[in-house]
Amino acid sequence: MRYQFWAASIVALATIGTSSGAMAQGRLSFYCSAQEDWCQLMARSFEESSGIRVDMTRKSSGETYAQVKAEESNPRGDIWWGGTGDPHLQAAEEGLTEEYISPMRDQLHPWAIAQAESAGNRTIGIYSGALGFGFNRDLLASNNLPEPACWEDLTKPEFKGHVQMANPNSSGTAYTALATMVQLFGEEAGFDYMKRLHANVNQYTKSGSAPIKAAGQGETTVGIVFLHDAVATAVAGFPVSIVAPCEGTGYEIGSMSIIKGARNMDQAKAFYDWALSAEAQSLALQVNAFQVMSNMAAESSDLAPNMDLIKLIDYDFVKYGSSEERRRLLEKWDNDVSRLPQ
Amino acid sequence: MRLAKSESAAHPVLIFWIIAGWVGYAVLPWYGVEDFWEFRWLADGWPFYSDYAPAALLIAQGQKLWLAPMLVALILPLLVIRRRKSDDLYGKILIVAGGFGFAWLVAQGLGIGLRGFTAPWLVALFGELGDRQFGMGYGALLTASAFLFLFTQGIAARGAVNGDVFVTGAIGGVVTVVAIFVFFPIVKMLGAAFVADGGGYSGSTFLSKLFDQRIWSLGCLSGGRCGVAWNSLFLAVLVGILTTVLGLVFALLLTRSSFRYKRALRALTVLPIITPPFVIGLAIILLFGLSGTVTQTVADWFGITPTRWIYGLPGILIAQVLAFTPIAFLVMIGVVEGVSPSMEEAAQTLRANRWQTFRTVSLPLMRPGLANAFLLGFIESMADFGNPLVLGGNYDVLSTEIFFAIVGAQYDQSRAAILAFVLLFFTLGAFWVQRFWLGRKSYTTVTGKGDAGVHPLMPRGLSVPVYVVAGLWGAFTLTVYAYIVYGSLVQLWGLDHTLTLDHYRTAFAVGWGENGIRWSGSAWSSFWTTIMIATISAPLTAAVGLITAYLLTRQDFKGKQSFEFGTMLSFAVPGTVIGVAYILAFNVPPIEITGTGLILVISFVFRNMPVGVRAGIASMSQLDRSLDESSLTLGANSWQTFRAVILPLLKPAIVAALVYSFVSAMTAISAVIFLVSARYDMSTSYIIGRVENNDYGLAIAYSTALIFVMLAAVGLMQLVVGRTKIGRRGAAGMGH
């Protein structure tokens, strides 16, 4: 019958159609949580070295985490590179990212591998940066303040209204600071420190690096931030000095993860391996990113804070990165610290 | 008379939609193609390759058989082509066919997704499907529209809205798009409010989170800190009042004074609306911050210690009033211009003096404008995100709390949803209060009768304060903008004030390459995307907004109240929530558009539609219904009346809607930040990236360039749309 004839010819043509519908080759959807120009540079350099077309989106690590979670059932991104480790660990905990062991692993610092192992190989460290603070030299002088060198110095009464840090509820940087104090001084003493610091804080900013920018602009004297952010502000020309606190300090590990169910899995793995190479990690210097890179052979800047001279605590990423502990500490901070009068 | 006319012809609208339905079903690709605007599929295996095949061919190949029942709904309408509209079957068949087709299309779209059936009970009922489907494409879109409009024609034939095909179609269309692009995502997002900490749904967690002390504490009355809800409310009321007053001041100055520099003033009042976020905030910090010029100077003069007074309520208030006064002004100017001078002349003929006339005639007639301006200022302030972020200090407001509940260290989506809930409650509350205040009075002044008056000047007692306020505000705005332009021209703002063009060069360098012009500057890619998205979304916004306003003011139908509520809803929801809600709703089939330019266009259209609606309503409630009635009596249908009578009188409202949506596409940030993708990056998200990276110079240079582009575009739009000449007022020397 006519219908059968049609159906037969349609099926015949359909097979031809299917074979001609070729897939687009060599694309990578790249979620980047580092600074804009670093992201651009990584995307372009990878395009050049691999011939794979890169579509890059830059967002903070918290925003990217929110997006990856929202896109869980239909992932749009392939790889997520950069940004502080906690959201990466969180994503790993929730199974939003893919397990992968790169052949480049043996070239990495032990802390990077430890980070990967703690997350079931669903993420890996690409750089690390220590927490500390920076101060505006001009404001310090005009207010006749002594140069601070330790965490304790910031709680002195003469620093009242001169210290700025981010709100741990909104910023990963400030949460790292809170977790650092708890690990450095013990929970009771750590919270006691936060309370005394609270008396001197002029504002809890929303974004983690805002305090050092405010210090650069002369809007606050001291800003508690990651040291590489402080170095970048100083290099931009602002009168900012950098302090690695004498008691010791915590640090973050910037991480990279492959998104589970990535549409371009092979390309994502190619990027993953490339991003762990010394060559790719040395690119950081071109964009004033002063973190310590995870490949042992990567070049480092003279301006970068020397991690060997900084007293680092043994930061427990698994415990303090877990959502349970995070919620408990933040709630305690909310109830015991943030509500105190200033 | 009209009935006879429509029965004599075959119904062209009906035939059009029947054909459209078939084309969508049997010709165009049913499922979404990679890029909506790209037509590679034409040469890439269409029509048989299953990714690009139309529904009819898929079924013929034995695939996706759940699409088959729609055939019935496509065949049925063929039966009524030759029938009369008054025939009982005509309406019934169309209602059944359209309704069934549409319902089936939606049900299969929601029920079958990427992994087969989407809900456990469907699997329990039918077993595993063993097949899946992607998001809908052109074909599904066209067929769905066909079903919808066949259905509305059916209702019209049954006598709804006096059998008016255009009006029922318009109502059906607006209801559907608002349901899909406003309600659906918001419902999905608010569902998250009931998610308990460990997963699962819980009402008690919801209540305990809703009445959290951090939201509702009244501590500030006794020296402590208030909850975010009160902070937001207080701020929004202040901003609403101040912007409305300032908007009125500028509108009066432009229409009812002999002020000489109206053109300059008009440009000045529009300036803040076309300024990208963060820039005003940064300029205000440089003026009033701890190390700001003004703060330091004042501290030197009076020998006081400079303080951080600007951070908190004062800073947000100044920045928001500066930013949102233009919106109030755009609403007020349409209304103030629209008040018919005949009324005022009548009052004066009756021996009222100018003050009495103003107080008892002009001002009450401006009430719809005042109410709408306040509402817009209130809602904008509630949803504003950039200014509180930069200037908020420790004064927390709902919008930033929502943002950081989602992206911050807490990742607490349910808290975000609850805060959004509170925010929605306030904005909708304001909406009801406004309606209550306007009441049922008539504000009509433009009638079909002769209208040849000229607006009287303001009474002197009013004009003095008006001049003073406008002068002060003008000077302040000028200072802020002079600072911004200056900031884009210096090496390092606040530190090294050597003049340079470097920032412009980095952003907008243009070179000559082998293939002609090379756009080598770093800003070009996001710039062209932004221009494209803004150009597409502006006319769409104006169209949807004005049609809705027309329906609301001119037509009576069941459910009009909830219809109005629905169209205002998207404006009351902060952009951040819309952003996340859109990702949640549109990342999966049936509508799969995240990562495309389309989702940006759609988010702008529905975010800004309420401005078009409000402006349209404010203007339309001044046009007397007798104008439409005479047009209808003369034999025009409602579409012709809308196009030839109402639309030309609405030019100020059209300009307002066009300008607002174009501009907000270039300056909006909160929703955009979630919706941009690698290929469709917008200028605002690029600028934020620069600010985060200490690159203030580049950010400000880019913003300055955008300001000039928008100025040019706004001028162009006013030129193209033109101005309405009502009576002799155009000749009265309005600088424009």
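The values are calculated or read from the model by the stated rules, or taken from the named source; none is laboratory data. In this text the structure is predicted, and so the values were computed from the model without any measurement. FYI the Cβ positions are ideal-geometry reconstructions off the backbone, even for glycines, and counts take in every protein chain you see.
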Out of the residues in segment A:45-61 meeting the condition of being touching a strand residue (DSSP E or B) at 6+ places or on another chain (Cβ under 8 Å) and modelled with pLDDT of 85 or more, tell me which one is nearest to the other protein chains (Cβ to nearest Cβ). A:Val54
With the checklist (1) part of a loop (DSSP other than H, G, I, E, B); (2) within 11 Å of chain B (Cβ to nearest Cβ); (3) not acidic (Asp, Glu) in hand, flag the one item A:Arg326 doesn't pass. (1)
In the set B:Asp451, B:Asp412, which member is surrounded by 15 or more Cβ atoms within 10 Å (Cβ to Cβ), touching a helix residue (DSSP H, G or I) at 6+ places or on another chain (Cβ under 6 Å), acidic (Asp, Glu) and at pLDDT 70 or above? B:Asp412
Quick one: would you say B:Ser619 is surrounded by fewer than 17 Cβ atoms within 10 Å (Cβ to Cβ) and not hydrophobic (A, V, I, L, M, F, W, C)? no
Residue hits (segment A:62-98; in contact with a helix residue (DSSP H, G or I) (Cβ under 9 Å, 6 or more places away or on another chain), in a loop (DSSP other than H, G, I, E, B) and more than 12 Å from chain B (Cβ to nearest Cβ)) are A:Gly82
Where in segment B:461-533 are there strands (runs of 3 or more DSSP E), lying fully within it, with 1 or more residues that are closer than 30 Å to B:Leu290 by Cα? B:490-492, B:496-499
Just for segment A:116-135: of the residues that are in a helix (DSSP H, G or I) and out of contact with any Leu (no Cβ under 8 Å at 6 or more places or on another chain), which one is farthest from A:Gln281 (Cα to Cα)? A:Glu117
Matching residues in segment A:218-230 - criterion: being surrounded by 24 or more Cβ atoms within 10 Å (Cβ to Cβ) and within 14 Å of chain B (Cβ to nearest Cβ): A:Glu219, A:Thr220, A:Thr221, A:Val222, A:Gly223, A:Val225, A:Phe226, A:His228, A:Asp229, A:Ala230
Among the residues of segment A:34-44 satisfying the criterion of being touching a residue at least 60 places away in the same chain (Cβ under 8 Å) and crowded, with 19+ Cβ neighbours inside 10 Å, which is nearest to the other protein chains (Cβ to nearest Cβ)? A:Gln35
Select from segment A:199-217 the residues that are within 11 Å of chain B (Cβ to nearest Cβ) and in a helix (DSSP H, G or I) and write down the one among them that is nearest to A:Phe133 (Cα to Cα). A:Ile212
Can you find even one residue in segment B:149-164 that is buried (at least 16 other Cβ atoms within 10 Å of the Cβ) and under 20 Å from B:Leu57 (Cα atoms)? no
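Okay, residues lined up against (1) farther than 26 Å from B:Leu716 by Cβ; (2) surrounded by 15 or more Cβ atoms within 10 Å (Cβ to Cβ):
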site	(1), (2)
B:Arg263	no, no
B:Leu271	no, yes
B:Thr275	no, yes
B:Ile280	no, yes
B:Leu287	yes, yes
B:Ser291	yes, yes
B:Val298	yes, no
Out of B:Phe378, B:Phe421, B:Phe426, B:Phe403, sole residue that is under 30 Å from B:Arg359 (Cα atoms) and either in a helix (DSSP H, G or I) or small (Gly, Ala, Ser) (or both): B:Phe378
Number of the exception - B:Val588 against (1) at pLDDT below 80; (2) in contact with a helix residue (DSSP H, G or I) (Cβ under 6 Å, 6 or more places away or on another chain): (2)
Condition first: within 37 Å of the chain's Cα centre (by Cα), touching a residue at least 60 places away in the same chain (Cβ under 8 Å) and either not in a helix (DSSP H, G or I) or not assigned by TED's automatic domain parsing to the domain that holds B:Ser145 (or both). Can you find one or more residues in segment B:54-77 that meet it? yes
Just one of (1) more than 30 Å from B:Leu462 (Cα to Cα); (2) away from chain A (no Cβ under 13 Å); (3) modelled with pLDDT of 75 or more trips up B:Thr244, so point out which. (1)
Within segment B:1-53, take every residue that is within 14 Å of chain A (Cβ to nearest Cβ) and not in a loop (DSSP other than H, G, I, E, B) and give me the one that is modelled with the highest pLDDT. B:Ala26
Does A:Leu330 satisfy the criteria of being touching a residue at least 24 places away in the same chain (Cβ under 8 Å), surrounded by 15 or more Cβ atoms within 10 Å (Cβ to Cβ) and under 22 Å from A:Thr205 (Cα atoms)? yes
Out of (1) more than 14 Å from chain A (Cβ to nearest Cβ); (2) modelled with pLDDT under 80, the odd one out for B:Phe708 is which? (2)
I need the full set of residues from segment A:137-184 which are touching a residue at least 60 places away in the same chain (Cβ under 8 Å), in a helix (DSSP H, G or I) and under 28 Å from A:Gly62 (Cβ atoms), in order please. A:Leu154, A:Gly172, A:Thr173, A:Tyr175, A:Thr176, A:Ala177, A:Leu178, A:Ala179, A:Thr180, A:Val182, A:Gln183, A:Leu184
Just a yes or no: is a residue in segment A:234-245 of a type in the set (A, V, I, L, M), assigned by TED's automatic domain parsing to the domain that holds A:Ala141, crowded, with 24+ Cβ neighbours inside 10 Å and assigned to a helix (DSSP H, G or I)? no
Would you call B:Thr349 over 30 Å from B:Phe431 (Cβ atoms) and touching a helix residue (DSSP H, G or I) at 6+ places or on another chain (Cβ under 7 Å)? no
Looking for whichever is modelled with pLDDT of 80 or more, among the hydrophobic types (A, V, I, L, M, F, W, C) and buried (at least 17 other Cβ atoms within 10 Å of the Cβ) here; the options are A:Ala91, A:Ala66, A:Ala114. Which one fits? A:Ala91
List the helices (runs of 4 or more DSSP H) inside segment B:627-675, counting only whole elements, that have at least 1 residues being within 23 Å of B:Val611 (Cα to Cα) and more than 14 Å from chain A (Cβ to nearest Cβ). B:638-641, B:651-667
